[in-house]
Amino acid sequence: MDILGEILKQVLEGAAQGQQQPQQRAPQPQQRAPQPQQRAPQGGPQGMPSPNDLGEIFKQIFGGNDAQKLPEVVKQFEEKGMRDEVDSWVRTGPNKPIDRRKIEDVFGDRELNDLARSKGIDPNDLAEVLAKYIPKIIDELTPSGQVQRRH
């Protein structure tokens with residue numbers, strides 16, 4: 001079963017809709033005509049990996065389609081002093097945000113650089129994207145409000 005793939009699809013579709021609307025409503029006078037992006041040919045917004053690349057990165061982080069590494073990812077955040085944030089993602093209710101620096105602290109420069117380099121993405125952009133989506137993904141992977149080991 002492709003649990004993580006389905007969750008990523010929902011999260012990324014919601015993000016794409018949210019990002020399209022503000023860009024269309026508030027064009028900047030100094031903007032030039034859109035140029036093709038070399039880094040994200042599948043149409044990912046600027047500063048964001050393509051949906052395919054992002055899906056592969058999250059599957060690598062969470063341990064494949066069935067998110068086998070979810071307990072380990074949660075533990076990584078807790079060990080870095082983010083128990084309150086993680087609890088908000090796992091439990092029902094609003095998710096507490098995290099920023100790029102916390103992502104860098106949890107995953108470390110080496111792992112982030114390796115993930116980013118494998119997809120031709122800037123590590124800072126990747127950290128921003130992970131900070132935005134990891135809370136939503138963990139929230140979706142824990143609908144019962146508990147982290148359960150996946151088989």
Per-residue HN-Hα couplings for the stretch 53-68 [Karplus 6.51, -1.76, 1.60; θ = phi - 60°; Hz; x = Gly/Pro]: 5, 5, x, 5, 5, 5, 5, 5, 5, 8, x, x, 4, 9, 6, 4
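Using a/c under 1.5 as the rounded threshold, could you call the stretch 64-145 rounded, prolate or oblate? The axes a ≥ b ≥ c are square roots of the C-alpha gyration tensor eigenvalues, and prolate needs a/b larger than b/c, oblate otherwise. Mind dumping the intermediate values first?
Numbers: a/c = 1.86, a/b = 1.58, b/c = 1.18.
In terms of gyration-tensor shape, prolate.
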Compute the distance from the alpha-carbon center of the stretch 53-67 to that of the stretch 71-138, in whole Å. 13 Å
Length-normalised contact order of the stretch 64-145, Cα under 8 Å, at least 6 apart, in percent, tallies to 36 percent
Set of lysines with alpha-carbon distance to residue 102 below 22 Å, sequence-local pairs under 8 removed: 59, 69, 75, 80, 119, 132, 136
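Read-outs: derived from the displayed coordinates by stated rules, not from any lab. Predicted, not measured: the structure shown is a model, and the values here were computed from it.
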